[in-house]
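The next block holds one structure in the form of structure tokens; read it before the comments.
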Amino acid sequence: MRLHTAECPSDVLCIVGPTGSGKSHLALTVAQKAALHGVEIELISMDSALVYRGMDIGSAKPSRAERALVQHHLIDILEPHETYSAARFAKDAKRLCTEIQARGHIPVVVGGTMLYWRAWAYGLSVLPAASPQIRQELETRAALLGWPALHAELNQIDPLTAVRLKPNDSQRIQRALEVFLVSGRPMSTWLAESPSQDGRTGEAIPAGLKLIALEPSERQKLHEGLAHRFDAMLDQGLIEEVKALRQRPEIHADLPAMRAVGYRQVWNYLAGHDSLDTMREKALAASRQLAKRQLTWLRAIATRKCFDSLTTNGQQQALAYCLEQLNIK
């Protein structure tokens, strides 16, 4: 139970940043420092890979020891063949914040899945519900024809959506086709009628949320760190982890979980599509692309508080700012 040596803040802290920027380390440090002042923090993961059981190494999941020190939420809640959505995260995050505060504790959200942030902070456009049957039919067709062929079909029925998707963006192509097949209306029409406020055009962060962004000042150093981290994952047994997932009949390459950076590349390596060196290079390229997308999201969000995660001074300033927001002196 939280001791009342610090006033509980009304705002919820959200620690974000590109992959490999040190978000989890900062969140854990904040929680441990707070505990010294009698303030108990519970962390809510905002990461699309950490929800899956059996995906530990490649997702850089907090260790069991770390989770024993600080209560974590939305980690290991699903099997890899199940699906999790931004809308579900938004619902879960709001519920958890309420429950944690009711316990007299402080919620801190940490992660880099910016679509989840958008859904939680600003809401999402209203779209038709998913249809498992239609999704399966689309996956079957994609296995025969390839996703570029389905992208071409999407271009015929919804060119506005197709033009912003790459021909191999299987998840988004599938969703756009699904929306049309379910409703008979293009996704672009739905979005135009019910636009979400996603914070990507300079809107201020909604009241009640404080966004702390770890943004590395030198991209080359970030890339070097990502390479070291991926090599460490290989040493820790990432290939064996994916091999175990491949042996489960319900898990296949087109699942959202298996599209995660690192997992997709190792899966293809084990399938014989790439050499070990090619797999590594593709995984590093995907990590760099992910970091770039995350930084693009962050730099468009107004009033975020930004710190350089590559410098000791930046890390110390981020920690001090978080503790200050929690009214911990």
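Just so it is clear, none of the values below were taken in a lab; they were calculated from the coordinates. Keep in mind it's a predicted model, so treat the numbers as computed, not measured. Cβ placement follows ideal geometry from the backbone for every residue including glycine, while neighbour counts extend to all protein chains displayed.
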Practice prompt. Starting with the fewest neighbours, write out H72, H273 ranked by other beta-carbon atoms found within 10 Å of each beta-carbon.
Written response: H273, H72
Worksheet entry | Computed lengthening from R95 to Q71, 0.36 nm per intervening residue step minus Cα-Cα distance | 7.1 nm
Discussion item. Loop-only GluC sites (Glu not before Pro) in the range 250-329, please: DSSP not H, G, I, E or B, and at most 10 other Cβ atoms within 10 Å.
Written reply: E250
Worksheet item: Can you give the FRET efficiency for Q32 and A130, using 1/(1 + (r/R0)^6), R0 = 51 Å, r = Cβ-Cβ distance, to the nearest 0.05?
Response: 0.80
Item to complete: Could you check the simple spin-label distance between S85 and R141, using points 7 Å along Cα→Cβ, in nm with one decimal?
Response: 2.0
Worksheet, complete the sentence: FRET efficiency (Q316, A192; Cβ distance; R0 35 Å; to 0.05) is 0.15
Discussion item. Please check: in the Gaussian network model of the chain (C-alpha springs, under 10 Å), which one of G38, G58, G112 has the largest mean-square fluctuation.
Written reply: G38
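What is the projected area of the convex hull of the Cα atoms of the range 220-293, averaged over all directions, in nm²?
Averaged projected area of the range 220-293's Cα convex hull equals 5.0 nm².
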Discussion item. Neighbour counts of other C-beta atoms within 10 Å: give me L270, L28, L50 arranged from fewest to most.
Written reply: L270, L28, L50
Item to complete: Whole Å is fine, so just give me how far the alpha carbon centre of the range 28-94 lies from that of the range 209-275.
Response: 18
Response to the item:
For E324 and S275, extending 7 Å from Cα along the Cα-Cβ vector and measuring point to point gives, in nm, a value of 5.2
Worksheet item: For N155 and Y122 in one chain, what is 0.36 nm times their gap in residues minus the Cα-Cα distance, to one decimal in nm?
Response: 9.0 nm
Worksheet item: Where a ≥ b ≥ c are the square roots of the eigenvalues of the C-alpha gyration tensor, would you call the range 132-193 rounded, which needs a/c under 1.5, or, failing that, prolate if a/b is larger than b/c, or oblate?
Response: oblate
Worksheet item: Do you know the relative contact order of the chain, to the nearest whole percent, from alpha carbon pairs under 8 angstrom that are 6+ apart?
Response: 27
Worksheet item: What number, in percent, do you get for the relative contact order of the range 220-293 if the mean sequence gap of Cα pairs under 8 Å and at least 6 apart is divided by its residue count?
Response: 31
Worksheet item: Quick one: Cα centre-to-centre distance for the range 286-329 and the range 96-137, in angstrom?
Response: 21
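Can you give the % of DSSP beta bridges in the chain that are antiparallel, to the nearest 5?
Rounded to the nearest five, the antiparallel share is 0 percent.
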Practice prompt. Show me 208-218, 11-21, 158-168 ranked by packing, highest mean number of other Cβ atoms within 10 Å first.
Written response: 11-21, 208-218, 158-168
Practice prompt. For n ≥ 4 DSSP H runs only, could you compute -39500 (n - 2.57) per run for the chain, divide by its residues and tell me the 222 nm figure to the nearest 500?
Written response: -16000 deg cm²/dmol
